[in-house]
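J.: Got a structure for you, written out below as C-alpha cells; questions coming shortly.
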Amino acid sequence: MSQLIKCGYVTTAMAWLVMIYNLAYPFEGLIGLALTILLLLTVIMHALQMVIFHLMFKDTLTLKQKDYIVVCVFGLFGLLAYRQKVLQK
C-alpha cells in the first residue's frame, strides 16, 4: 500500500506541474483549455478532501498545518497515507 501511495504522490505532483505550467505558458488549442478547467476542478476537489480529512481525523490525530497542505496537494493519496497511520495505531 505504501508503494501505491508513493507512486500516487509522484503522479499527482507531475499533474500539478503540468497544470501550473499551462497557466504560465498556455498550450495551444483545446488541451490548454482542458488543463485550465482540470486545474480548477482539481483545486475544488482537493479543498473538499481537506474538509473530509478534517472531519475524519480531527479526533484521532493531532493535525498540523503541514498535514492539511499534504492533503490539499496530494488529495486522495494524502488521505490514504493518514488513514494508514491511524490503522497502524
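Throughout, read-outs are computed from the coordinates displayed, never taken from laboratory work. Since this is a predicted model, take the numbers as computed values, not measurements. All Cβ positions, even for glycine, are placed from backbone atoms using ideal geometry, and neighbour counts span all protein chains on display.
J.: Over the alpha carbons of the chain, what is the largest minus smallest coordinate on each principal axis, giving the biggest first in Å?
T.: Projected onto its principal axes, the Cα set of the chain covers 49, 25, 17 Å.
J.: With Cβ to Cβ distances under 13 Å as the rule, what net charge do the other residues near residue 71 carry (K, R +1; D, E -1)?
T.: +4
J.: I would also like to ask the following. Hydropathy first: keep DSSP H helices in the chain averaging at least 1.0 on Kyte-Doolittle, then drop any whose Cα extent along the axis falls short of 20 Å, and list what survives.
T.: Helices passing the filter in the chain: 2-24, 30-57.
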